[in-house]
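Notes follow the structure.
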Amino acid sequence: MEKVKAKEVKDDGLLYIIESSQVPFEIKRVYTIIDADTELPRGYHAHRDTEQAVFCLRGGLRITLDNGLSRSKIVLNQKNKGRGVIQRKMVWIEMDKFLPGTILLVLSSKEYDPKGYIRSYHQFIKEAKKSNPT
Ligand code: T46
């Protein structure tokens with residue numbers, strides 16, 4: 001799993017700083033996920049063309065990334081504050097075990113296009129096999 005880390009600066013408040021050079025793509029979109037339902041897993045999709053960096057700034061969650069061949073899991077929480085993971089294109093993501101008050105920051109290589117999402121795991125495996133035949 002590829003990881004990145006925002007620089008944390010305690011000044012008047014807490015700053016997280018991410019230089020574009022730390023992210024392996026040009027950033028075209030930024031969004032946050034705040035106060036996700038702790039009972040509700042999210043994600044369950046892959047992107048055909050989009051790459052993303054997902055940072056946990058507050059709270060915690062578990063992220064599972066699956067490239068169609070293997071799965072890796074990481075817990076992001078206050079112990080590894082500012083840690084982010086890279087979700088490459090054609091990688092399935094699942095997010096669960098959200099702690100109350102969690103704040104995620106997501107940097108994305110593409111503007112929003114719902115057509116670029118694969119939301120069925122079966123379809124994802126089919127397309128992953130085609131793009132990466134073994
Ligand atoms: C991802 C994970 C980490 C927009 O209108 N524009 C946007 O840029 C985004 C990201 C979402 N939306 C709308 C579409 C849905 O009506 O916001 C709603 C929630 O989106 P979604 O169900 O895709 O949320 P998640 O948390 O399952 O997934 C999001 C991103 O969509 C996805 O790219 O990798 O966060």
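What follows draws every value from the coordinates through simple rules; no lab data is involved. These numbers come from a predicted model, not from an experiment. Methodologically, a virtual Cβ is constructed for each residue, glycine included, from the backbone with ideal geometry; neighbour enumeration extends over all protein chains shown.
Does region 100-123 contain any residue that is buried (at least 18 other Cβ atoms within 10 Å of the Cβ), in a loop (DSSP other than H, G, I, E, B) and aromatic (F, W, Y)? Looking for residues that are buried (at least 18 other Cβ atoms within 10 Å of the Cβ), in a loop (DSSP other than H, G, I, E, B) and aromatic (F, W, Y), one finds none in region 100-123, hence no.
Filtering region 31-76 to residues that are more than 9 Å from the ligand (Cβ to nearest atom), of a type in the set (V, I, T) and out of contact with any Asp or Glu (no Cβ under 6 Å at 6 or more places or on another chain) leaves T32, I34, T38, I74, V75. Listed by first and then second residue, the pairs with beta-carbon distance under 6 Å, at least 6 apart or on different chains, first residue in region 33-48 and over 21 Å from G84 (Cβ atoms), second in a loop (DSSP other than H, G, I, E, B) and near the ligand (Cβ under 9 Å from one of its atoms), form an empty list.
Look at I17 and say whether it is more than 13 Å from S108 (Cβ to Cβ), hydrophobic (A, V, I, L, M, F, W, C) and over 11 Å from the mean Cα position of the chain (by Cα). It is true that I17 is more than 13 Å from S108 (Cβ to Cβ), hydrophobic (A, V, I, L, M, F, W, C) and over 11 Å from the mean Cα position of the chain (by Cα). Determine whether R88 is touching a Pro at 6+ places or on another chain (Cβ under 9 Å) and among the basic types (K, R). Here the answer is yes, as R88 does meet what is asked. Annotation note: Cβ proximity below 6 Å between a residue of region 69-94 that is acidic (D, E) and a residue that is part of a strand (DSSP E or B) and within 12 Å of the ligand (Cβ to nearest atom) (sequence gap 6+ or interchain) occurs for E94/G43; E94/Y44; E94/T64.
Scanning region 35-74 for residues that are assigned to a loop (DSSP other than H, G, I, E, B), of a type in the set (S, T, N, Q) and under 17 Å from F98 (Cβ atoms) turns up just one, T38.
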